[in-house]
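Only the coordinates and a few stated rules stand behind these numbers; no lab work does. Computed from a predicted structure; not experimentally measured. Counting neighbours? That spans all protein chains shown, and the Cβs are built from the backbone with ideal geometry, glycine included.
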Amino acid sequence: MATAPLQDGLFPRSSENSTPIENAIWTVLKYAGSLKITCAMFFLGVVILFVGTLAQDEDTIVDVKKDYFNSWLAYVPLDVFKPQTIWPHTQENAWPGGFVMPGGALIGLILLINLVAAKMTRFHMTANGSRFVAGMALTIIGFALVALIVFGAHVGEGLQGEPPFTYDQIWMGCLLSLWGSAIGFGAWRFANPPKQTILRHTILAIFIALLSVAALVALSGDKYRIPDPGLRIVWQLSKSLIVSMVMLAGLILLFGARGGNVLIHLGIGLLMLGQFVFGDRQREERISLYEGERTSVAVQTDIVELAVIDTSPADKNRVVAFDDPLILSALRNKKPLSDEALPFEIRIEKWMSNSDMVTRRENAQAAKDAEGALGLPPEVALVEAGKSGGA
């Protein structure tokens with residue numbers, strides 16, 4: 001006897017009435033959304049995070065992100081697991097070998113596919129008619145607000161600059177929200193108490209806590225006022241809260257009691273997608289300032305450049321800089337570095353990411369390489385050194 005398909009997800013369950021293509025898609029989605037895959041990827045995520053943390057003992061955070069977190073496949077040398085404080089990492093006593101495991105990019109992509117497949121096969125919309133229209137409208141508005149906040153943050157100061165309200169107004173909003181929350185939980189507990197005992201006790205505890213904090217802040221004046229930098233963070237968080245409330249309202253209309261679960265997983269998916277798209281575009285810079293000082297210089301500590309500075313002009317310096325990709329390319333291709341602003345070319349004889357100074361008597365090859373070198377004492381030569389301390 002044929003059975004009607006059971007609509008228990010965003011994609012119909014396989015049944016006798018389903019076409020072969022629908023059955024195949026259902027089977028793929030069912031296995032792709034398996035909880036076993038979720039647990040396996042979480043385990044691998046913990047492992048890659050642990051390995052990346054250990055690797056920062058010698059590698060920079062940029063190298064760790066490239067080799068472990070942003071890569072599809074990661075090669076993990078066994079030497080990474082050796083405590084450097086007990087056995088210093090040198091080429092002579094390094095543990096040989098290693099193993100290959102999924103990198104952060106592959107783990108994240110599989111988790112994202114697993115998340116989407118699980119929702120498509122296990123969740124279904126309960127709304128219809130006007131409720132469906134209202135839910136879709138609120139959800140679309142929520143997505144639009146998310147896009148506005150995300151992309152607005154990258155336009156000048158965007159939404160990350162000074163808030164459109166004064167910090168006193170933001171603080172007043174915090175106080176009103178605190179009192180409003182306390183009154184709301186109190187009304188819920190005493191005017192319309194839930195039937196479950198544990199829920200009643202939980203609501204009562206939250207009500208007492210909120211009322212106590214609100215009374216303490218009100219009686220102490222400005223003693224517990226959040227400083228302006230902290231209120232700026234509150235403003236950033238409040239934007240997320242407003243957007244999440246709009247989306248939660250729409251998702252509850254669409255999915256009923258599971259709307260909150262869908263919202264949580266949408267947030268997780270957005271974090272994963274954001275890291276996947278923009279993770280390799282992040283840049284770390286350092287600014288050194290004394291109190292009251294100004295500067296327009298930010299230093300990227302993870303890259304090296306060779307700068308030629310002409311100090312002859314009276315009003316400013318002329319600078320020609322070659323970054324490390326250009327230096328390494330010139331070394332590999334055995335071509336000199338040149339620029340139309342320079343009256344000479346630069347030939348890279350040897351490139352060392354890290355080096356140690358030794359006497360020329362200790363190392364004949366280093367002494368030969370140092371012949372004619374400018375800037376080195378006559379008895380000193382350089383040898384390539386391993387990484388240490390993230391340098």
Labelled set [x] 20.7, 64; [y] 25.2, 82; [z] 30.2, 95; Rg and Dmax of the Cα atoms in Å computed from this model equals the value at [z]
The long-range amide H neighbours of GLY103, using H built 1.01 Å from N in the peptide plane and a cut-off of under 5 Å, are LEU73, ALA74
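Between MET101 and PHE132, 0.36 nm times their residue separation minus their Cα-Cα distance comes to what?
Working it through step by step, the gained length comes to 6.7 nm.
Need the full-extension length gain, LEU78 to GLN282, defined as separation in residues times 0.36 nm minus the C-alpha distance. One decimal, nm. Walk me through the intermediate numbers first.
Details: separation 204, 0.36 × 204 = 73.44 nm, distance 2.86 nm.
Computed gain between LEU78 and GLN282 is 70.6 nm.
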Each label sits 7 Å from Cα toward the beta-carbon; between MET357 and SER338 the label points are separated, in nm, by 3.5
The range 366-382 and the range 198-239 have their Cα centres apart by a whole-number Å value of 66
With 0.36 nm assigned to each residue of separation and the Cα-Cα distance removed, ILE113 to LEU289 gains 58.8 nm
Each label sits 7 Å from Cα toward the beta-carbon; between LEU237 and THR166 the label points are separated, in nm, by 2.4
Karplus-derived 3J(HN,Hα) from phi for the range 178-195 (6.51 cos²θ - 1.76 cosθ + 1.60, θ = phi - 60°), whole Hz, x at Gly and Pro, runs 5, 5, x, 5, 4, 5, x, 5, x, 5, 5, 6, 9, 7, 9, x, x, 6
With x for Gly and Pro, the residue-by-residue ³J(HN,Hα) of the range 234-248, computed from phi through the Karplus equation 6.51 cos²θ - 1.76 cosθ + 1.60 at θ = phi - 60° and given in whole Hz, is 4, 4, 4, 5, 5, 5, 5, 5, 4, 4, 5, 5, 4, 5, 4
In degrees, nearest 10, the alpha-carbon axis of helix 259-278 is tilted away from the dominant principal axis of the alpha carbons of the chain by 20
Taking Cα pairs closer than 8 Å and at least 6 residues apart, the relative contact order of the chain in percent is 16
Note, the range 214-219: 3J(HN,Hα) by Karplus (6.51, -1.76, 1.60, θ = phi - 60°), whole Hz, Gly/Pro = x, goes 4, 5, 4, 5, 5, 7
FRET efficiency for SER220 and ARG122 from the Cβ-Cβ distance with R0 = 41 Å, rounded to 0.05, comes out at 0.25
Any GluC sites (Glu not before Pro) in the range 257-354 that lie in a DSSP loop and have at most 16 other Cβ atoms within 10 Å would be GLU284, GLU285, GLU291, GLU293, GLU340, GLU345, GLU349
Within the under-13-Å Cβ sphere about ALA32, not counting ALA32, Lys/Arg +1 and Asp/Glu -1 give a net charge of +4
LEU49 and VAL380 label points (each 7 Å along its Cα→Cβ direction) are spaced in nm at 4.4
By the mean-Cβ-within-10 Å protection proxy, highest first, 212-225, 121-134 rank as 121-134, 212-225
With -39,500 (n - 2.57) per DSSP H segment of 4 or more residues and division by the full residue count of the chain, the 222 nm estimate, nearest 500 deg cm²/dmol, is -16500 deg cm²/dmol
